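K.L.:
Sharing a structure below in structure tokens format, with a few things to ask.
Laboratory data are not the source of any read-out in this text; all were calculated from the coordinates shown. For clarity, every value in this text was computed on a predicted model and none was experimentally measured. For neighbour counting, all protein chains shown are included, and Cβ atoms are generated from backbone atoms with ideal geometry for every residue, glycine included.
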Amino acid sequence: MKETDLFKPVRKLFLDQGYDVQGEILAADVFAVKEKEVVIIELKLSMSLKLIYQAIERQKVTPFVYIALPKVHIHQHLKTNPQLKTLLLKVGIGLIEVTLNDANIIIQPAINDQIQLKTAPQKKRMMMREFNARDQHQTLGGTNGKKVTAYKEKVIEIAKALLSLKEADYKLIKEYTRIEQAATILRNNFDGWFMKNEKGLYELSPKGMDEINMLLF
């Protein structure tokens, strides 16, 4: 089992509760929003003190923080460390057990009078901006490596449009994709996916063609 295997059951758990769920929003493995409530879930394959510290750091953004681990590992860990539940309750961190097909909340986050959380409103605003800018659900929570940011989502949508259109000017691409920043993205071409042909129209570069085909097929 990989960390990304935990994402789908956890995502479904919160989707069923009415949340919108995205993977890898800045430092958070899973970021879920329902109305004004924000939930962060950290996905890990094994319990560690580092994971607890990580979850406490996430409490600067929201009091609703969970750690999610494979069910079999949680049960094994509790046999030798039954005080884990007491620790999580004291620091207000929730616990989710996960199988390949299902996720279940064992402990709900609970903030009591003894827990005084430091907040980081700027970090929360940054995470909400990234969350709200995402149109697709391209990134799995628990991913190590490149993440599909809101900007990259737009690059992918423009590339998909050019895959269909073959060639087009920026106005047609903007109309086709409804991406207001289409002209800027095409001009900057940070990923090297686009190029202008002899007619002055945009088309996919060889690199863009290879990478969009790898993503889609």
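K.L.:
Which residues does a label at residue 120 reach in the stretch 35-65, if reach means a backbone N under 17 Å from a point 7 Å past the Cα toward the Cβ?
P.N.:
Zone members listed by number: 38-43, 50-65.
K.L.:
Right, something else. Which helices pass in the chain if a helix is a full DSSP H run, must span at least 20 angstrom along its long axis by Cα, and must have mean Kyte-Doolittle hydropathy not below -1.0?
P.N.:
On the way: long enough: 150-165 (23 Å, 0.57).
Span-like helices here: 150-165.
K.L.:
Give me the net charge of residue 208's neighbourhood, meaning all other residues with Cβ under 11 Å from the Cβ of residue 208; Lys, Arg count +1, Asp, Glu -1. Don't jump to the answer; show the numbers that get you there.
P.N.:
Values: positive: 160, 207; negative: 191, 203, 210, 211.
Result for the neighbourhood of residue 208: -2.
K.L.:
Under a 10 Å cutoff between Cα atoms, tell me which one of 174, 50, 152 has the largest fluctuation in the Gaussian network model of the chain.
P.N.:
Answer for the Gaussian network model of the chain: 50.
K.L.:
Given springs between every Cα pair under 10 Å in a Gaussian network model of the chain, which of 190, 31, 131 has the largest fluctuation?
P.N.:
In this elastic network of the chain, the residue with the biggest mean-square fluctuation among 190, 31, 131 is 190.
K.L.:
With the chain treated as a Gaussian network of Cα nodes joined by springs under 10 Å, which of 175, 97, 24 yields the largest mean-square fluctuation?
P.N.:
175
K.L.:
Under 8 Å for C-alpha pairs, at least 6 residues apart: give me the relative contact order for the stretch 1-123, rounded to a whole percent.
P.N.:
On the way: 214 pairs, mean separation 28.8, N = 123.
Relative contact order comes out at 23 percent.
K.L.:
List every residue whose amide H lies under 5 Å from the amide H of residue 66, counting only residues 5 or more places away in sequence or on a different chain, with H placed 1.01 Å from N in the peptide plane.
P.N.:
Residues meeting the criterion, in which the H sits 1.01 Å from N, are 40, 41, 42, 94.
K.L.:
What nm value, rounded to one decimal, do you get for the distance between residue 111 and residue 180 when each label is placed 7 Å out toward the C-beta?
P.N.:
3.2
K.L.:
For Rg/Rh (Cα atoms, Kirkwood Rh), which listed value, (i) 1.08; (ii) 1.10; (iii) 0.94, comes from the coordinates shown?
P.N.:
Matching the structure shown: (i).
K.L.:
Can you give me the C-alpha center-to-center distance between the stretch 149-217 and the stretch 1-48, rounded to a whole angstrom?
P.N.:
The two parts, judged by their Cα centres, are 30 Å apart.
K.L.:
Given Cα pairs under 8 Å that are at least 6 residues apart, what percent is the relative contact order of the chain?
P.N.:
Values: 343 pairs, mean separation 38.7, N = 217.
Across the chain, relative contact order equals 18 percent.
K.L.:
Within the chain, what percent of beta bridges assigned by DSSP are antiparallel, to the nearest 5? Don't skip to the end; give the middle numbers.
P.N.:
On the way: 18 of 27 bridges.
Percentage antiparallel, nearest 5: 65.
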